[in-house]
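Encoded as structure tokens, the structure appears first; notes follow it.
The values are calculated or read from the model by the stated rules, or taken from the named source; none is laboratory data. Predicted model only: the values in this text are computed from it and were never measured. Every residue, glycine among them, receives a Cβ derived from its backbone with ideal geometry; neighbour counts consider all protein chains shown.
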Amino acid sequence: MKIHEYQGKALLKAQGVPVPLSQVAFSAAEAERAARDLIEQTGNEIVVVKAQIHAGGRGKGRFEEHPDLGGVKVVKGAAAAKEIAQQMLDSTLVTIQTGPEGKKVGRVLIEQGMDIQRELYVAATLDRATGRTTLMASTEGGMEIEVVAEKTPEKILRESIDPATGLMPFQARKLAYGLGLADNVAKKMARFLGKLATAYEQLDCSLLEVNPLVITGDGEVLALDAKATFDDNALYRHKDVEELRDPSEEDPAELEAKKFDLSYVNLDGTIGCMVNGAGLAMATMDIIKFFGAKPANFLDVGGGATVDRVTAAFKIITRDPNLKGILVNIFGGIMKCDVIAQGVIAAVKEVGLQVPLVVRLEGTNVEEGKRLLENSGLPITTGSSLRDAAKKIVELTT
């Protein structure tokens with residue numbers, strides 16, 4: 001699960017990570033009031049208006065309705081903040097991460113102007129190769145870290161965190177000195193990194209990124225941005241975090257799948273997949289690619305799916321406007337093939353079938369499942385094996 005920048009900063013602040021003064025605004029009038037409050041608190045008329053969407057590259061992005069306006073704008077005075085907020089709100093921001101369709105802006109963050117001397121990059125994430133949290137830092141703040149990793153990987157510093165001890169003070173100091181910091185600023189950076197690592201662990205994040213982290217003219221170390229992604233499987237421990245979810249930023253089909261406890265990811269192909277088991281789902285997607293097509297989704301109905309869940313899964317798949325065909329691939333262990341067959345039949349009768357459907361069943365109650373499909377009177381093609389089913393659906397859709 002992802003959250004907005006302003007929400008991420010609030011969580012960081014609660015963990016003791018220093019962040020700038022800021023207020024979120026959902027209207028131009030709120031933006032003006034927020035800017036006026038910040039100016040009164042800081043004595044500085046410079047404020048920043050930042051579009052809030054679940055995507056990076058906002059500063060370099062452009063609004064469809066206002067091509068000369070990016071997603072981050074420095075202005076002087078509350079009136080100017082109101083004007084820019086009015087242009088941003090309800091407009092579509094296109095960045096390198098949103099794709100050409102962009103995302104509509106529903107809120108903006110009004111933040112105090114900063115005397116920025118340096119921009120750095122820091123992040124905590126899971127290194128799957130070691131199975132440990134890794135703290136990363138770079139002097140290339142403000143840039144996409146993927147570009148840095150590709151062109152100048154030596155500029156990315158890493159420290160692996162032992163789960164038994166947490167981030168050790170010497171590791172934080174090593175990163176601070178590696179960034180070229182010294183004296184009191186290096187001490188502040190080390191404290192910042194320690195609190196960031198603690199926040200990552202306590203909040204069950206999968207990524208906690210600050211880009212840029214800034215060093216101000218008076219030597220303060222602040223998180224000028226905050227990107228937080230959370231492990232969905234741990235959200236039951238963080239109801240307060242789950243409440244930060246913004247449904248308008250998520251795929252409607254994926255949200256619908258969550259209601260039925262389905263594992264669903266929307267992709268850009270044309271063959272819809274309904275499979276039980278993540279490994280089998282990946283194998284199904286691979287063999288579709290092998291025969292020359294692309295999967296439209298990843299969908300795992302799980303081992304204990306009911307007729308209702310299977311019906312819901314089928315409905316979600318068929319809503320994809322790019323769909324050309326559907327492959328159902330079930331290996332019945334805990335999951336019973338006749339239950340899958342009943343769900344498919346119920347879904348086809350309720351939703352209708354506008355594209356070819358190939359079903360491959362194997363395992364528990366497979367003969368009963370096949371009998372139900374054959375006697376349904378519906379235009380369903382069966383496959384004798386995964387290879388046979390994948391080949392048939394690709395042939396039927398090309």
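Being surrounded by 15 or more Cβ atoms within 10 Å (Cβ to Cβ), at positive phi and within 28 Å of the chain's Cα centre (by Cα) is a property that GLY166 lacks. Selection within region 73-104: residues that are under 28 Å from TYR200 (Cβ atoms) and among the aliphatic types (A, V, I, L, M). The member of this set that is surrounded by the fewest Cβ atoms within 10 Å (Cβ to Cβ) is ILE96. Going through (1) in contact with a strand residue (DSSP E or B) (Cβ under 9 Å, 6 or more places away or on another chain); (2) touching a residue at least 24 places away in the same chain (Cβ under 8 Å) one by one, LYS174 falls short only on (2). Could you check how many residues of region 238-266 are closer than 19 Å to ASP308 by Cβ, of a type outside the set (D, E, K, R) and outside any helix (DSSP H, G or I)? Selection size over region 238-266: 4. Only a single criterion out of (1) at pLDDT 95 or above; (2) farther than 21 Å from ALA226 by Cβ is not satisfied by PRO67, namely (1).
Conditions (1) modelled with pLDDT of 95 or more; (2) among the aliphatic types (A, V, I, L, M); (3) surrounded by 14 or more Cβ atoms within 10 Å (Cβ to Cβ), marked per residue:
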site: GLY57; (1), (2), (3): no, no, yes
site: ILE110; (1), (2), (3): yes, yes, yes
site: LEU120; (1), (2), (3): yes, yes, yes
site: SER138; (1), (2), (3): yes, no, yes
site: GLY142; (1), (2), (3): no, no, yes
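Residues in region 126-168 that are without any contact (Cβ under 8 Å) to a residue 24 or more places away in the chain, farther than 23 Å from LEU222 by Cβ and not aliphatic (A, V, I, L, M): ARG128, GLY131, GLU146, GLU150, LYS151, THR152, PRO153, GLU154, THR165. Of all the listed residues (THR382, THR311, THR318, THR306), the sole one being of a type in the set (S, T, N, Q) and over 22 Å from ALA253 (Cα atoms) is THR382.
Being within 16 Å of LEU323 (Cβ to Cβ) and touching a strand residue (DSSP E or B) at 6+ places or on another chain (Cβ under 9 Å) is the filter here; which residues of region 339-358 pass it? Please lay out each step first, then the result.
The first filter runs over region 339-358 and keeps only residues within 16 Å of LEU323 (Cβ to Cβ), leaving 344, 347-348, 351-358.
Matches in region 339-358: VAL344, VAL348, LEU353, VAL355, PRO356, LEU357, VAL358.
More than 29 Å from LYS227 (Cα to Cα) and under 22 Å from the mean Cα position of the chain (by Cα), is that true of ALA281? Write out each step before concluding.
On the way: more than 29 Å from LYS227 (Cα to Cα): yes; under 22 Å from the mean Cα position of the chain (by Cα): yes.
So ALA281 fits the description; yes.
What about SER22, is it surrounded by fewer than 16 Cβ atoms within 10 Å (Cβ to Cβ), at pLDDT 95 or above and under 26 Å from the mean Cα position of the chain (by Cα)?
Numbers: surrounded by fewer than 16 Cβ atoms within 10 Å (Cβ to Cβ): no; at pLDDT 95 or above: yes; under 26 Å from the mean Cα position of the chain (by Cα): yes.
Judged against the criteria, SER22 is not a match.
Each row is one residue, and each column tells you yes or no for (1) over 20 Å from ILE215 (Cα atoms); (2) not small (Gly, Ala, Ser).
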{"residue": "VAL147", "(1), (2)": "yes, yes"}
{"residue": "PRO153", "(1), (2)": "yes, yes"}
{"residue": "GLU159", "(1), (2)": "yes, yes"}
{"residue": "ALA164", "(1), (2)": "yes, no"}
{"residue": "ALA182", "(1), (2)": "no, no"}
{"residue": "ALA186", "(1), (2)": "no, no"}
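Can you confirm whether ILE340 is out of contact with any Phe, Trp or Tyr (no Cβ under 8 Å at 6 or more places or on another chain), modelled with pLDDT under 85 and within 20 Å of MET285 (Cα to Cα)? So ILE340 passes the test. Taking region 163-218, which residues are more than 16 Å from ALA123 (Cβ to Cβ) and among the polar types (S, T, N, Q)? Once the filter is applied, which keeps residues that are more than 16 Å from ALA123 (Cβ to Cβ) and among the polar types (S, T, N, Q), region 163-218 yields THR165, ASN184, GLN202, THR216.
Of the helices (runs of 4 or more DSSP H) that lie entirely inside region 267-385, those containing 1 or more residues that are hydroxyl-bearing (Ser, Thr, Tyr) span 278-290, 307-318. Entry remark, region 194-214: residues being within 21 Å of HIS238 (Cα to Cα) and part of a helix (DSSP H, G or I) number 8 in total. Applying a threshold of 6 Å to beta carbon distances and a minimum spacing of six or more residues, or different chains, the list of pairs starting in region 226-245 at a residue that is without any contact (Cβ under 8 Å) to a residue 40 or more places away in the chain and ending at one that is of a type outside the set (Gly, Ala, Ser) reads ASP231/ASP204; ALA234/ASP204. TYR264 meets the conditions (1) among the hydroxyl-bearing types (Ser, Thr, Tyr); (2) surrounded by fewer than 15 Cβ atoms within 10 Å (Cβ to Cβ); (3) touching a strand residue (DSSP E or B) at 6+ places or on another chain (Cβ under 8 Å) in every case but one. The failed one is (2).
ILE340 falls short on exactly one of the conditions (1) over 31 Å from the mean Cα position of the chain (by Cα); (2) buried (at least 19 other Cβ atoms within 10 Å of the Cβ), and that condition is (1).
Picking from residues in region 19-51 that are assigned to a loop (DSSP other than H, G, I, E, B) and either in contact with a helix residue (DSSP H, G or I) (Cβ under 7 Å, 6 or more places away or on another chain) or without any contact (Cβ under 8 Å) to a residue 24 or more places away in the chain (or both), the one that is nearest to VAL108 (Cα to Cα) is LEU21.
Residues in region 52-74 that are within 26 Å of GLU209 (Cα to Cα) and assigned to a loop (DSSP other than H, G, I, E, B): 13 in all.
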